[in-house]
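Visitor: Dropping the structure in here first, questions after.
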Amino acid sequence: MNVPSSEKDDGWVKLVSPDQYSFLVKRSVAMMSGTLKNMLSVDSSFKEALANTCPINERAPVVEKVCEYMAFKAHYEGAGAKEEVPINEFTERIPPEVALELLLTADYLEV
């Protein structure tokens with residue numbers, strides 16, 4: 001059954017880490033990532049798009065922070081020039097022990 005893209009945009013996507021943690025995020029949040037956007041494109045026949053599930057080859061704490069950042073980015077994407085974006089609020093929640101992995105993962109996912 002084909003689902004219209006407008007209905008799929010409101011759905012949820014599951015991101016799965018190799019240590020078997022699953023993260024459910026809104027499709028609109030997952031689309032903040034260029035890589036996930038390509039994987040989940042309704043025009044593709046990738047298994048990720050058909051199952052609404054994307055494997056992320058990183059530990060769960062890293063995937064969790066990527067999900068947090070994509071939600072942060074989605075929330076503040078349309079912020080006006082006068083609206084203050086509390087970037088320090090987000091960066092203070094990044095543990096130093098995952099910073100390098102997070103940087104590499106964010107680069108791969110294009111966020």
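The values are calculated or read from the model by the stated rules, or taken from the named source; none is laboratory data. The structure displayed is predicted, hence computed values, not measured ones. Cβ: placed from backbone, ideal geometry, glycine included. Neighbour counts: every protein chain shown.
Visitor: So, in the range 40-55, how many residues would count as being in a loop (DSSP other than H, G, I, E, B) and closer than 25 Å to Val98 by Cβ?
Guide: Residues meeting the conditions: 1.
Visitor: Name the residue, out of Phe90, Phe72, that is more than 14 Å from Val29 (Cα to Cα) and touching a helix residue (DSSP H, G or I) at 6+ places or on another chain (Cβ under 6 Å).
Guide: Phe90
Visitor: Among residues belonging to the range 91-105 that are assigned to a loop (DSSP other than H, G, I, E, B) and not basic (Lys, Arg), point out the one that is farthest from Val16 (Cα to Cα).
Guide: Glu92
Visitor: Could you tell me how many of the residues in the range 56-90 are among the β-branched types (Val, Ile, Thr), modelled with pLDDT under 90 and assigned to a helix (DSSP H, G or I)?
Guide: Total satisfying the criteria: 1.
Visitor: For Lys37, state whether it is surrounded by fewer than 17 Cβ atoms within 10 Å (Cβ to Cβ), part of a strand (DSSP E or B), at pLDDT 95 or above and on the phi < 0 side of the Ramachandran plot.
Guide: In short, no.
Visitor: Which of the residues spanning the range 1-34 are of a type in the set (Lys, Arg) and either modelled with pLDDT under 95 or part of a strand (DSSP E or B) (or both)?
Guide: The answer is Lys8, Lys14, Lys26.
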